[in-house]
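Report on the structure given below.
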Amino acid sequence: MFSVLLPTNGLLMAALSLLLARLSSSSLSVPDIPHIAAYFGTKTRYEEVNPQLLRDLSSVNASVLKPPPNERCSPVHLTAVIRHGSRYPTVKNIRRIQKLSELVRREAARGSAGSEAAEDLLQEIQSRWEMWYTEDMDGQLVMKGRDDLRHLARRLAGLFPSLLSEENMRRLSFRTSSKHRCVSSVEAFQEGLQQLWGHDEVEYSHEVDDELMRFFERCRGYVEGVENNRTALLEVEKFKHGEEMEGVRRRMAERLGLPHHHLTPDLVEAAFFLCSYELSIKSLHSPWCFLFDENDAKVLEYKSDLKQYWKRSHGHVISSLSSCPLFHHVFRTLDKAGRPRRSTEASPEPASILVGHAETLLPLLSLLGLYKDQTPPTANNYHSQHGRRFRTSRIVPYAANLLFVLYDCQRGPRLQLLINESPARFPGLEEEDAPLYRDVRATYRNLLDGCDFHRECEGRTGGRGPNTEL
Ligand SMILES: *[C@@H]1O[C@H](CO)[C@@H](O)[C@H](O)[C@H]1NC(C)=O
Ligand SMILES: *[C@@H]1O[C@H](CO)[C@@H](O)[C@H](O)[C@H]1NC(C)=O
């Protein structure tokens, strides 16, 4: 199945790119991928992070696995925390896109664009794009998103053939957030594996677990202190109305020949997201992309990064602490998998696949101490943040994944982290790609002994009443 499907896909892709190349060379001559595609924050395609996949979606690079070569290591367990794949916009953004498209249609009809270039651009948008998003699409997984997860599953099976194998099928564990796009993603992952094994009918065996995958909405300290607290996201608001964003708005208005007070920062962002959605859903280079140059895109990316940083990451410590249940779950699973066993005991689960959101991954990555820059990003320091590590376009694109690989080695179990299929090192243990598991545990000792969800999330009130309406 696998070997038959791929060439077909490849041909289709080739035909599509040819068509796209024709379309674009007939107008503004451009390559297929928008020049701003790597700056879409959480709306970035996985391929922008791993461009080799544009040529071959099944390409597996086994040299990312780096246990010490002289210790005869073999992988014994994989825990994968995975974000859902490409999806439709949510209702909020669909409404903004609607507003933007009406504004542009009115302007084009008035024919009052300031310059010839602006008139051409309005024409280009009018003739090549039509509003096709409807509110019922609300954040659901798209076809491309199913493919993201199917192909990821196949690549991981290629990387860990002894773990994600057909004979282990019933010993793999799958857990997911209850959101439609996540359930569809965990299904697609299982399809990817079972199609690889030549099964005609896919058997699904996942559990929905929001306590684990949507911990953020159950943590009162987080919801009240950050999510519903305007002051907690002050930097984002300031930047949204600050001089860099103002510049992007002015340039976009000029390119369209609009008076610039017609555009709000939300409409500017809607156009940017529209470019991202047309690419991630339909693989199209949309004319909306011409409204931004690379510097504009960097400003808009920074705006998204600010939001994620202050809402989901290092900006407020409660955001990372809200992921304590997931942190403990992962380490309990690793403990079990690494424990010495008598030969009569059942072997532990070879893999645990956990599917959630960017909002699931970012707090956990932050709790582990990853992507923490010395200077926090703020509304005022955009110009000193070019080299920052915290770039959501790189960290949490669609289908982003955090892999914990446990090896059995001569000196004991070792653990390696991979982020989006590339090696990453544990903060504090930077000398080694795959340190001894006991050293990793020692590094996170305080969290392993503490990090109590109820204590952290309920704070001084000490209550632990149900908090599920949020
Ligand atoms: C494979 O992975 C290794 C280790 O991360 C990296 O150095 C190398 O560039 C990768 N090769 C390809 C073709 O991506
Ligand atoms: C809201 O956020 C600010 C800034 O982080 C903080 O000082 C304040 O205590 C928060 N308010 C609540 C109700 O948690």
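The values are calculated or read from the model by the stated rules, or taken from the named source; none is laboratory data. Everything numeric here is computed off the predicted structure, so don't read it as measured data. So basically every Cβ, Gly included, is an ideal-geometry build from the backbone, and we count neighbours across all protein chains shown.
Structural remarks
- Qualifying residue in the stretch 405-418 (condition: within 21 Å of His316 (Cα to Cα) and not small (Gly, Ala, Ser)): no
- Looking across the stretch 87-115, the residues that are part of a helix (DSSP H, G or I), aliphatic (A, V, I, L, M) and buried (at least 19 other Cβ atoms within 10 Å of the Cβ) come down to Ile94, Ile97, Leu100, Val104, Ala108.
- Pair list, Cβ under 9 Å, 6 or more apart: the stretch 416-443 residue touching a residue at least 12 places away in the same chain (Cβ under 8 Å) and assigned to a loop (DSSP other than H, G, I, E, B), other residue away from ligand 1 (no atom under 15 Å from the Cβ) and among the small types (Gly, Ala, Ser): Asn420/Ala399; Asn420/Ala400; Phe426/Gly369; Pro427/Gly369; Gly428/Gly369
- Out of Leu415, Leu367, Leu362, Leu429, one residue alone is farther than 28 Å from Met143 by Cα, touching a helix residue (DSSP H, G or I) at 6+ places or on another chain (Cβ under 7 Å) and buried (at least 23 other Cβ atoms within 10 Å of the Cβ). It is Leu415.
- For the stretch 221-294, the helices (runs of 4 or more DSSP H) that sit wholly inside it and include 3 or more residues that are of a type outside the set (Asp, Glu) and away from ligand 2 (no atom under 16 Å from the Cβ) are 243-256, 265-282.
- Under the condition of being at pLDDT 95 or above and outside any helix (DSSP H, G or I), the residues counted in the stretch 346-396 number 30.
- Subset of the stretch 309-346 [free of Cβ contacts under 8 Å to residues at least 60 places away in the same chain and closer than 14 Å to Asp408 by Cα]: Asp335, Lys336, Arg339, Pro340, Arg341
- Filter result for the condition that a residue is crowded, with 20+ Cβ neighbours inside 10 Å, under 24 Å from Pro397 (Cα atoms) and of a type in the set (Asp, Glu), over Asp210, Asp305, Asp266: Asp305
- Restricting Leu164, Leu141, Leu172, Leu196 to those that are aliphatic (A, V, I, L, M), under 19 Å from the mean Cα position of the chain (by Cα) and away from ligand 2 (no atom under 16 Å from the Cβ) reduces the list to Leu141.
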